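The values are calculated or read from the model by the stated rules, or taken from the named source; none is laboratory data. Please read all numbers here as calculations on a predicted model, not as lab measurements. FYI the Cβ positions are ideal-geometry reconstructions off the backbone, even for glycines, and counts take in every protein chain you see. Ligands, DNA and RNA are excluded from the accessible area calculation, which covers all protein heavy atoms including side chains. Shrake-Rupley method; radii C 1.70, N 1.55, O 1.52, S 1.80 Å.
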Amino acid sequence: MNLAENVCNIVLFGGLGDLAQRKLFPALYQLDCADLLSSDTVIYGIARDTSLKQAIDLTEQNLRNFISESEFSENKLKVFLEKIHFLSFDFNDHTAYSQLSSELDRDIEAERLFYFSTPASIYGAICKGLDYGKCLNASSRVVLEKPIGHSLESSLDINQEVAKYFDESQIYRIDHYLGKETVQNLIALRFANNLFGSQWNQNFISYIEITIAEKVGIEGRWGYFDKYGQLRDMLQNHLLQLLCLVAMDPPSELSSDAIRNEKVKVLKALRPITEEMLDSHLVHGQYVDGYIDGKPVPGYLEEKGANTQSSTETFIALKAEVENWRWAGVPFYLRTGKRMPEKLTQITVHFRQQPHYIFDPEQRALAENALMIKVQPDEGISLQVLSKEQGLNSGMKLRKAPLHLSFSDAFSMDRVPDAYERLLLEAIKANQNLFVRSDEIEHAWKWCDQIISHLENRVTPMPYPAGCWGPETIYKMIEADNRRWHEQS
């Protein structure tokens, strides 16, 4: 059964770019296979300097490369490719948008979804071209890829340019982490289960870790990454979005504005990190040569095309504090870096110990419950509990044991949908729940900007060998509070 109520035509600017080819077209293929796209939907890929045949051939080749063998079907691919049309023009040439308008006017009743898979610096130019070419109608909406700007000022400029042509209700600012199954389940875990909901505060939680670790290096993206660094690229959006979902108060309802209102409150409550706090609250680093999976890899400054004088950070860790009644005295330790030992996105909630301990004093360090919410690569939830070791001679010796929920195992899922599938579907359905509002972006940049300004006056980032968890000072930072990172346990 086709679940698409209305025909929604999709326009992908940057249709031959890495994101569109690796993620967006494969995600749309999966939606089409699941009958979640209307049979009349048309997908327009907009690119520069290409022919229709070259663009379609490249897209077909990449679909074959990026769709797993178990999910691939020749017949379904053929049907999907018939939905795709490519147009070639310069995004800055406003007169060229008339050809897109002519295509869209073939179905004047269809809704229009524009996806900007391009640098944010040209969002304004694309909007102007869409307006000049008469491509916009009342049903039009736009998806904006992150990062939106490189500072609060630039972000405001970009958002204001887009707002000239799209109302806030038509703008879908994407953070693909919000489309991940486990991130969605975080809402259910917290607010549908009294076991956690009643203890989700400073009375029962000691501290919280949020880790986004990347195994890869730059992967040929030197020109882009060196302008942003890990703080702008990952902390300002992904990490702060996860922090908001962990720390926010219960929304009054599951509407987009109710959820986003609570996230904004968290961002407003973040304690500013002053220059005097840098040594105790922040570590920034840059990877040097080391080993990943036993194989040597180059340092950041030895990567292809590198500026050997660059002081851009590839690692950032910090202690964040949310100054409100729920989280008073509970630190949030955030970290993200490249060339880590493994690819991992995980939230670890450490609960306080029992007020009175009656077991072996030497095992007291074990006496902690921890809830681990793994966002990737294997989505699931694990609760670390203590139990008695088995055996006649074990006495009351304690051991840690996980109560584990794997989504793919528990729900007999053949596959966990990719985040972009969910986000594209929600944008097609005009549901803004999983997207970021403009004031969220502004408050996140405001908090990050003051950190960036302090770091500009500091020495270069601390070196750390590829294949480790970052500079050694991350352990000093957390141990100063008598706490430990998850891997230290």
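Observations
- Crossing angle, helix 181-192 versus the chain [Cα axis fit, 0-90 degrees, rounded to tens]: 60 degrees
- With semi-axes defined as the square roots of five times the eigenvalues of the C-alpha gyration tensor, the equivalent ellipsoid of segment 33-124 measures 25, 17, 13 Å, largest first.
- Distant-in-sequence amide contacts of SER117, defined by a placed amide H-H separation under 5 Å and a gap of 5 or more residues or a different chain, comprise PHE13.
- Distance violations [Cα-Cα > 28 Å] among LYS83/LYS164; LYS134/LYS429; LYS76/LYS134; LYS268/LYS343; LYS23/LYS227: LYS83/LYS164; LYS76/LYS134; LYS268/LYS343
- Leading residue at positive end of dipole, segment 139-249 (Cβ point charges), from HIS238, VAL162, PRO147: HIS238
- Positive dipole terminus of segment 182-307, leading residue within TYR224, HIS281, ALA258 (C-beta point charges): ALA258
- Helix 438-455 axis, angle to the chain major axis (alpha carbon atoms, nearest 10°): 60 degrees
- For the chain, DSSP calls about 60 percent of its internal beta bridges antiparallel.
- Reported to the nearest whole Å, the Cα centre-to-centre distance from segment 444-465 to segment 222-269 is 18.
- Cα-centred dipole magnitude for the chain, charges only on beta-carbon of K, R (+1) and D, E (-1), debye, nearest 20: 980 debye
- Computed label-point distance, nm, for sites ARG221 and GLU456 using a 7 Å Cα→Cβ extension: 2.4 nm
- Positive-end extreme of charge dipole, the chain - chosen from ASN324, LEU186, ALA370 (charges on Cβ): ALA370
- Cubic angstrom per residue, convex hull over Cα atoms of the chain: 174 Å³
- 15 Å beta-carbon shell around PRO250, net charge (K/R +1, D/E -1): +1
- Taken one residue at a time, the phi angles of segment 45-62 give Karplus couplings (6.51, -1.76, 1.60, θ = phi - 60°) of x, 10, 9, 9, 6, 8, 9, 4, 5, 4, 5, 5, 4, 5, 5, 4, 4, 6 Hz. Gly and Pro are set to x.
- Simple spin-label estimate for GLN99 and SER73 in nanometres, 7 Å along Cα-Cβ: 3.4 nm
- Rh by Kirkwood over Cα pairs, then Stokes-Einstein D for segment 126-186 at 1.306 mPa s and 10 °C, µm²/s: 121 µm²/s
- For segment 211-282, the dipole from Cβ point charges (+1 on Lys and Arg, -1 on Asp and Glu) about the Cα centre works out to 140 debye, to the nearest 20.
- Note on the chain: with neighbouring protein chains present and a 1.4 Å probe, carbon and sulfur make up 49 percent of its accessible heavy-atom surface.
- Computed from phi, the 3J(HN,Hα) profile of segment 317-332 under the Karplus parametrisation 6.51, -1.76, 1.60 (θ = phi - 60°) reads 9, 8, 9, 9, 10, 9, 8, 8, 5, 5, 10, 4, x, 9, x, 10 Hz, with x in place of Gly and Pro.
- With N as its number of residues, segment 1-157 has a Cα radius of gyration that, divided by 2.2 N^0.38 Å, comes to 1.05.
- Per residue, in Å², the accessible surface of the chain once ligands and nucleic acids are set aside, probe 1.4 Å: 46 Å²
- Only helices enter the 222 nm calculation for the chain: every DSSP H run of n ≥ 4 contributes -39,500 (n - 2.57), and dividing by all residues gives -9000 deg cm²/dmol, rounded to 500.
- Distances between placed amide hydrogens fall under 5 Å for THR345 paired with ALA213, VAL375, GLN376, all partners being 5 or more residues away or on another chain.
- Between helix 419-428 and the chain: long-axis angle, C-alpha atoms, 0 to 90°, nearest 10: 50 degrees
- Dipole in debye (nearest 20) - segment 232-377, about Cα centre, beta carbon charges: Lys, Arg +1; Asp, Glu -1: 300 debye
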